[in-house]
Amino acid sequence: MAGTAPNSPTRQPRTVDNPLPHVLPEGQNAAPLEVMGSTASDKVVVIMVGLPATGKTHIAKRICRFLSFFHDIPAQIFNVGDYRRKLCGTQMPAEFYNPDNPEGLKARMMACDAALADLVEYIKQDGVRVAAFDATNTTFQRRQHIIKVLNQQGIRSKKIFIESICDSSTILDDNIRNVKLNTPDYRDVDPEEAVDDFKLRRANYEKVYEPLSERDGSYIKIINSKQYIVNAIRGYLPLKIVHFVMNLHTLGRTFYLTRHGQSEYNLLGKIGGDSGLTPAGTEYARRLAQFAKEQIIHKDGVERPCRLWTSTLRRTKQTAQFIEHNKFEHMWDNGEKFEWIQLRRQERRNLDELYAGTCDGMTYKEIEEVFPEEFARRQDDKLAYRYPRGESYMDVTLRLEPLAQEMERTREPVLVVGHQGILRILYAYFMGLDRKEAPYVSIPLNNVIELTPHAYGCHEKRYCLMMKEEMLNDGQDEPVTSMPEKGQAPPGVTKRDSSVMAENMIFAATDPIMNAPSC
């Protein structure tokens, strides 16, 4: 036998004495610590400060959303305005907020203390890490009252003030009209009357406004979403919040998410791989380019700078191949001029599809036959399941964290040409879904999903650029599974002009073509 000394007995397999192996308590699908909240041991109370319409609620909600979704750190926002509406009703006049109005002042203090009491009960819970107290908190006296109550209740967590300052009339007007007028305080009120009333409300707060200073302790000061002052902040979780906040802005922005066109592996029902597009996929690429030209790059008849991100895999790059890239001069908000290449493609490795490891290139049927135990484990826990020598949705969530931060930072519209598994996570993050829901989100082929985040959630619109019936002229037999379900398009779904677009806008979750296998 090769490798055996002459005239010696056949070498026996070596045995290893390992009576106490290191077994992960989470099992074979153990998730990385960074997405399990295990690294963060501090408790933090974030206290918002600032005049109305400066983006405080948006900032507080994004912080809580980011920490809970990407790091599994329990976080909750306590909005004093919600408590005030429960106690006093909606549509209170501007005079209610006058600091010289004792009744209004008493009512607002009651709302503050009610929210604070609930925050205290929440932050005391085991496992809870972050609570955000969302209110104007415009005076030093009010801020000291909050700190005093927390200390009296035994809340020894770190306290960070975050002050949002906005002195840009353009940004303020945009925030008032697009955010504040959509709150219950101004529902069914004439827009111009509502704007005037809100400006009077803001002026009442300005009378007593005291910006943060050294005497307030640890704080982050945000000025017009482009200047940041950080004072006396230490620790893993507080600095994680600082880093995230410095990637935030309160300006409106839009994301367009789409899967690549139908790939050769989609047609065969295989997962993963690096196959190219089918003829149907190439046709979708042409329509996507036209959609980008008509719907994305122009706003109110004026061309605006936009970004294009793809993965490094062939099918996404080929889907973006027909998009035009003209050049024009663009001025940044700091006054610098720059030659902008419209929708210049950026390949991003963290947008690559979830890697199926040993199962890459197989159909789900083949996986079930060859690796029945693996197939069953995936069925039991799709979020945490990790393919042999591959990835899990939890692993992908970890590598998408920096990309999500960049999406929060980016001010231009972004067209993301990606993969089903990847887009599921991004969609779930911006739409406020639980991580456990992400692996089951419907991201069909041939559709563009438009997401517009705002302070109180995220608006969604869907555009179907190519119907399923147009993809059947490929000479292949359709897999025997469910067909599209007939019905009216749900709210937010827009049908694009097409000779074949009729009623089939809603597709069953198991539809073999529009929901072609991914990972």
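The values are calculated or read from the model by the stated rules, or taken from the named source; none is laboratory data. Quantities reported herein were computed from a predicted structural model and do not represent experimental measurements. Counting neighbours? That spans all protein chains shown, and the Cβs are built from the backbone with ideal geometry, glycine included. For accessibility, only protein heavy atoms count, side chains too; no ligands or nucleic acids. Shrake-Rupley method; radii C 1.70, N 1.55, O 1.52, S 1.80 Å.
Computed quantities for the displayed model
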quantity	calculated
Boolean, G272 is buried (at least 21 other Cβ atoms within 10 Å of the Cβ), in a loop (DSSP other than H, G, I, E, B) and either in contact (Cβ under 8 Å) with a residue 12 or more places away in the chain or among the hydroxyl-bearing types (S, T, Y) (or both)	yes
Those residues of segment 35-60 which are on the phi < 0 side of the Ramachandran plot, at pLDDT below 80 and in contact with an Asp or Glu (Cβ under 8 Å, 6 or more places away or on another chain), in sequence order	V35, M36
Complete set of residues in segment 391-415 that are assigned to a helix (DSSP H, G or I) and of a type outside the set (A, V, I, L, M)	Y393, D395, T397, R399, E401, P402, Q405, E406, E408, R409
So R84, is it free of Cβ contacts under 8 Å to residues at least 60 places away in the same chain, within 31 Å of the chain's Cα centre (by Cα) and in a helix (DSSP H, G or I)	yes
Test set (1) open to solvent by 20 Å² or more (accessible area, probe 1.4 Å); (2) aromatic (F, W, Y); (3) in contact (Cβ under 8 Å) with a residue 40 or more places away in the chain - Y186 fails condition number	(1)
Residue match in segment 53-60 (condition: of a type in the set (S, T, N, Q), out of contact with any Leu (no Cβ under 7 Å at 6 or more places or on another chain) and either open to solvent by 10 Å² or more (accessible area, probe 1.4 Å) or part of a helix (DSSP H, G or I) (or both))	yes
Criterion violated by E329 - all others in (1) part of a loop (DSSP other than H, G, I, E, B); (2) open to solvent by 60 Å² or more (accessible area, probe 1.4 Å) satisfied	(1)
Residue count for segment 151-175, restricted to those that are farther than 19 Å from V208 by Cα, open to solvent by less than 50 Å² (accessible area, probe 1.4 Å) and of a type outside the set (A, V, I, L, M)	5
Residues of segment 445-461 satisfying the condition of being part of a strand (DSSP E or B) and over 24 Å from A320 (Cα atoms)	P453, H454, G457, C458, H459
Residues within segment 332-367 that are closer than 30 Å to R378 by Cβ, under 26 Å from the mean Cα position of the chain (by Cα) and either exposed (fewer than 11 other Cβ atoms within 10 Å of the Cβ) or free of Cβ contacts under 8 Å to residues at least 12 places away in the same chain (or both), tallied	1
Positions within segment 313-326 being open to solvent by 50 Å² or more (accessible area, probe 1.4 Å) and polar (S, T, N, Q), in sequence order	Q318, Q321, N326
Residue check, E214 among the acidic types (D, E) and touching a residue at least 12 places away in the same chain (Cβ under 8 Å)	yes
Count - residues of segment 211-248 that are surrounded by 15 or more Cβ atoms within 10 Å (Cβ to Cβ) and out of contact with any strand residue (DSSP E or B) (no Cβ under 9 Å at 6 or more places or on another chain)	3
Residue match in segment 284-294 (condition: open to solvent by less than 10 Å² (accessible area, probe 1.4 Å), over 30 Å from Y456 (Cβ atoms) and without any contact (Cβ under 8 Å) to a residue 60 or more places away in the chain)	yes
Pair list, Cβ under 6 Å, 6 or more apart: segment 312-324 residue modelled with pLDDT under 95, other residue buried (at least 24 other Cβ atoms within 10 Å of the Cβ) and of a type in the set (A, V, I, L, M)	none
Any hit, segment 292-302, residues being farther than 30 Å from R62 by Cβ, modelled with pLDDT of 95 or more and of a type in the set (D, E)	no
Scan of segment 151-183 for residues that are under 21 Å from G89 (Cβ atoms) and free of Cβ contacts under 8 Å to residues at least 60 places away in the same chain, ordered by number	L181
Single residue of K199, K148 found to be open to solvent by 30 Å² or more (accessible area, probe 1.4 Å), more than 33 Å from the chain's Cα centre (by Cα) and without any contact (Cβ under 8 Å) to a residue 24 or more places away in the chain	K148
Flag for R386 being part of a loop (DSSP other than H, G, I, E, B) and under 30 Å from L251 (Cβ atoms)	no
Any hit, segment 363-383, residues being touching a Lys or Arg at 6+ places or on another chain (Cβ under 8 Å), at pLDDT below 95, within 21 Å of G272 (Cβ to Cβ) and part of a loop (DSSP other than H, G, I, E, B)	yes
From C88, C64, residue being hydrophobic (A, V, I, L, M, F, W, C) and modelled with pLDDT under 95	C88
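Table: residues versus (1) without any contact (Cβ under 8 Å) to a residue 24 or more places away in the chain; (2) touching a helix residue (DSSP H, G or I) at 6+ places or on another chain (Cβ under 6 Å); (3) open to solvent by 30 Å² or more (accessible area, probe 1.4 Å).
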{"site": "A376", "(1), (2), (3)": "yes, no, yes"}
{"site": "Y385", "(1), (2), (3)": "no, yes, no"}
{"site": "E391", "(1), (2), (3)": "no, no, yes"}
{"site": "R409", "(1), (2), (3)": "no, no, yes"}
{"site": "L445", "(1), (2), (3)": "no, no, no"}
